[in-house]
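Here's the structure, in structure tokens; my notes come after.
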Amino acid sequence: MDIADLFSFEGRANRGWYFWHIILDDLAMFTAVIALVVIGTVLGTPLVVLPAIGALVAGFWAGICITVKRLHDLDRPAWHWWLLLIPVYNILLGLQLVFQKGTDGANRFGGDPLGPGYGYEALPRPNDYS
């Protein structure tokens with residue numbers, strides 16, 4: 001996966017990829033915004049507001065794309081992201097995104113992110129040693 005994958009709704013994301021990318025996305029977004037605000041305060045110029053807004057929008061968009069990929073791994077459509085805006089249900093769905101194993105094998109959104117072709121090699125089964 002490359003940086004363009006962070007801004008795409010295509011494909012699936014396993015639990016580990018989702019967890020670390022959400023944390024890194026939030027960390028990068030907030031670090032960029034804080035740095036720009038500090039620079040703007042030191043320089044006394046409001047021009048850093050535009051890059052700060054750009055960092056927030058990019059981070060928010062990447063977070064949505066990462067979450068949609070995780071939903072796809074659970075064989076759920078992208079519009080289920082909106083369910084995260086419902087109080088209490090968002091906690092249950094958030095726990096499901098972090099802890100529930102994705103569907104085994106390919107589903108309607110793509111191949112298994114833990115299967116061959118996603119950087120993981122399939123382990124041979126005992127009866128494959130013929």
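Some notes on this structure:
- Test: residue in the stretch 36-46 that is polar (S, T, N, Q), more than 14 Å from the chain's Cα centre (by Cα), part of a helix (DSSP H, G or I) and exposed (fewer than 12 other Cβ atoms within 10 Å of the Cβ): yes
- Of the listed requirements (1) out of contact with any Gly (no Cβ under 6 Å at 6 or more places or on another chain); (2) at pLDDT 90 or above, residue 54 misses just one: (2).
- Flag: residue 37 does not match the condition of being in contact with a Leu (Cβ under 7 Å, 6 or more places away or on another chain) and modelled with pLDDT under 85.
- With respect to the conditions (1) within 30 Å of residue 115 (Cβ to Cβ); (2) not in a loop (DSSP other than H, G, I, E, B), residue 30 lacks only one, and its number is (1).
The values are calculated or read from the model by the stated rules, or taken from the named source; none is laboratory data. Since the structure is predicted, the reported quantities are computational estimates derived from the model, not experimental observations. Glycine gets a Cβ as well: all are built from the backbone with ideal geometry, and neighbour counts include every protein chain shown.
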